[in-house]
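Computed from the coordinates by the stated procedures, all read-outs in this text should not be read as laboratory data. Values in this document were obtained by computation on a predicted structure and should not be read as measured data. Don't worry about glycine lacking a Cβ; one is built from the backbone with ideal geometry, like all the others, and counts go over all protein chains shown.
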Amino acid sequence: MPHINEIFRLTVDRQIDDLLAQITKHATEDQGAVFNYAVCRLFEGLIPGLRYKHMRGFVGDLVIALLEIYTRVIKPSEDDAITRNSSAFTKRHP
């Protein structure tokens, strides 16, 4: 996670909590689309009048955020599933 000022983080966290409350009001199968819309709107709100190098920087930030999500959320879940299922796999494939 990026390190930002504690006071600013609290302000942003409240706004994110409000956005999450709105997204989770939707059916589970629709939440991805609503999340995608929110991310695209945030991006569009940041780029008007910016030069390509600034837009490229925001895209890089999105990539880094995806890597953080993979490292902190998805990978541990995958590792846990591998551990749980490894004995079943080795029994079938000696």
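Taking the stretch 21-41 as the region of interest, how many residues are exposed (fewer than 13 other Cβ atoms within 10 Å of the Cβ) and under 14 Å from the mean Cα position of the chain (by Cα)? Looking only at that region, the number is 6.
Of the residues making up the stretch 44-77, those that are closer than 18 Å to L20 by Cβ and surrounded by 12 or more Cβ atoms within 10 Å (Cβ to Cβ) number 2.
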